[in-house]
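To start, the structure itself, in structure tokens.
The values are calculated or read from the model by the stated rules, or taken from the named source; none is laboratory data. Small disclaimer: the values here were computed from a predicted structure and weren't measured. When we count neighbours, we look across all protein chains shown, and the Cβ atoms used for this are built from the backbone with ideal geometry, even at glycine. Just the protein is used for accessible areas: all its heavy atoms, side chains included, with ligands, DNA and RNA removed. Shrake-Rupley method; radii C 1.70, N 1.55, O 1.52, S 1.80 Å.
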Amino acid sequence: MLTSNQSRRVSKTTMECVHGDFVTRLVYEDATYVSWYFIITVTVVAVFVGGRKMYTNIKKNMAQLEVIVIGAGPIGLTSALIAVQCKRVNKLTLYEELSRFEVENRGYQIAIQSVNVSLLRSFGVDFDNLEGVWRDGCFYTRVGIYLEYIIQILPLYSTDVELKFRSKFDRETGDVIDKIDGRKLVICCDGSGGMASRYLGLSDEHIQHSTGIYGAQAAIERNKHTSVPTPEKRIHNLSFDLSAYGNTSYDEECRSNFTLKIFGNSKRRCLALAIRKGDSQVARSLKTVLDKSMMRNVFLKCFNTYKLSDEASISDSFCLNNMKFSPRLYEIKISQRIENVAYISDNNLFIITEGEATRSLNFNTGLDINIGLKSVTSLQPFIEMITVAETEHSIMETLIFKMEHSDKICKDFLKFGLKEYMFL
Ligand SMILES: Cc1cc2nc3c(=O)[nH]c(=O)nc-3n(C[C@H](O)[C@H](O)[C@H](O)COP(=O)(O)OP(=O)(O)OC[C@H]3O[C@@H](n4cnc5c(N)ncnc54)[C@H](O)[C@@H]3O)c2cc1C
């Protein structure tokens, strides 16, 4: 279909043929002009669009950014390991306020769930080269062993890596980062009490979610023993007889259904006791008890009954001097940072928080490292997205992507996490 304008133009194109003296005169004027004009315009536009697209593609393909990680805990170092394997990252700097020795000698035990073992394997962690023990697909090791291993393999990648131990990240360091040319990403992994994201302008506000579970904990320090990792031990459906304390609320059926977990290394043994919110009389008395000896006795008896077969029992006096424990049952909550991702356009700076700097529990499950590891799975796609994001819209999309992933981690934890970490 031609518009009236176009048909007018066609009609203006004339062709005159004079026969007889075999002179043929073709009059194309308008037709020729319009055709050439059209061809040239289309070519120019095509070259411009193609060139621009090519330029944008080349620019996108070559785009890189600098990554700064704050904190050499398990999540900071795992984030660094993931980042150095992104082709987008041209430099990685890590700030850690402790010395390398202190980091590598952290003594407590971590348990890495099988799903995270696979994830870490895909990022080059060779579990055959790590001291630890396996049980049901879980890998148990001392946290310092894991950290030392990552510190050793980080420089093996082609990305320029700078590890700054004994370097506390503060406001002044923040100013130095602002001045770095080009786009950069700061990953704050400075733990639950970390201040780095605040120095960079993120809000410190947290939201607390109840897990619907009550818990209590104890820890026994035994300096004479080695810190060789041991697998955890879980005992389900425990009940306690509190009648020895003159507790009238002791119910005959004893259906409290506590779960007890004993974990850690032989130097530091941890006990975690958890029970779903309910109306058991025993649970009610353990929630309100003010007599510390009652809780101590619960933990002492639990330890001596369910310890590993080759472990020595502990006495009343040892317990009195060496056991730290919760004086009563309390509600287990997860605290989540509300603002955990941001973009500061003036400095072309992305900021995210990971690990316990984003979410932490007021309870040690013995599997706490896993919630942080689940979150760093979105790091590589996030780095890819932020390196090429140019428009306000695409930048916003990257922020939403990370925020939604972070939210999902928390929601999944509330739905499955504690149940999976503590119960059957
Ligand atoms: C005593 C104890 C026992 C635990 N037991 C277990 C267990 O048995 N199993 C388990 O899975 N998990 C356990 N956890 C929890 C586990 O350690 C955490 O899940 C994990 O450490 C969180 O890692 P993260 O990297 O987020 O933070 P963190 O491990 O807290 O690391 C934060 C790092 O940031 C550094 N830092 C802080 N501020 C700054 C700054 N301004 N500048 C530079 N560096 C800074 C700190 O020095 C630290 O090295 C235990 C934790 C503790 C404290």
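Just one of the listed residues (166, 142) is within 13 Å of the ligand (Cβ to nearest atom), closer than 19 Å to residue 94 by Cβ and open to solvent by 30 Å² or more (accessible area, probe 1.4 Å), namely 166. Among the residues of region 169-193 satisfying the criterion of being in a loop (DSSP other than H, G, I, E, B) and touching an Asp or Glu at 6+ places or on another chain (Cβ under 8 Å), which is surrounded by the fewest Cβ atoms within 10 Å (Cβ to Cβ)? The extreme case among them is 182. Residues satisfying the criterion are absent from region 206-221 (criterion: in a loop (DSSP other than H, G, I, E, B), surrounded by fewer than 19 Cβ atoms within 10 Å (Cβ to Cβ) and touching a residue at least 60 places away in the same chain (Cβ under 8 Å)).
Flag: residue 108 does not match the condition of being in contact (Cβ under 8 Å) with a residue 24 or more places away in the chain and either within 15 Å of residue 421 (Cβ to Cβ) or out of contact with any helix residue (DSSP H, G or I) (no Cβ under 8 Å at 6 or more places or on another chain) (or both). Residues that are touching a Gly at 6+ places or on another chain (Cβ under 9 Å) and hydrophobic (A, V, I, L, M, F, W, C) were ranked within region 272-291; the one that is farthest from residue 323 (Cα to Cα) is 275. In region 263-378, which helices (runs of 4 or more DSSP H) lie fully inside it and hold 1 or more residues that are more than 12 Å from the ligand (Cβ to nearest atom) and closer than 27 Å to residue 73 by Cβ? The helices (runs of 4 or more DSSP H) meeting that bar are 316-322. If you go through region 352-368 and keep only what is out of contact with any Asp or Glu (no Cβ under 9 Å at 6 or more places or on another chain) and buried (at least 22 other Cβ atoms within 10 Å of the Cβ), you end up with 352, 354, 358, 359, 363, 365.
Of the candidates 168, 164, 184, the single residue that is touching a helix residue (DSSP H, G or I) at 6+ places or on another chain (Cβ under 7 Å) and touching a residue at least 12 places away in the same chain (Cβ under 8 Å) is 184.
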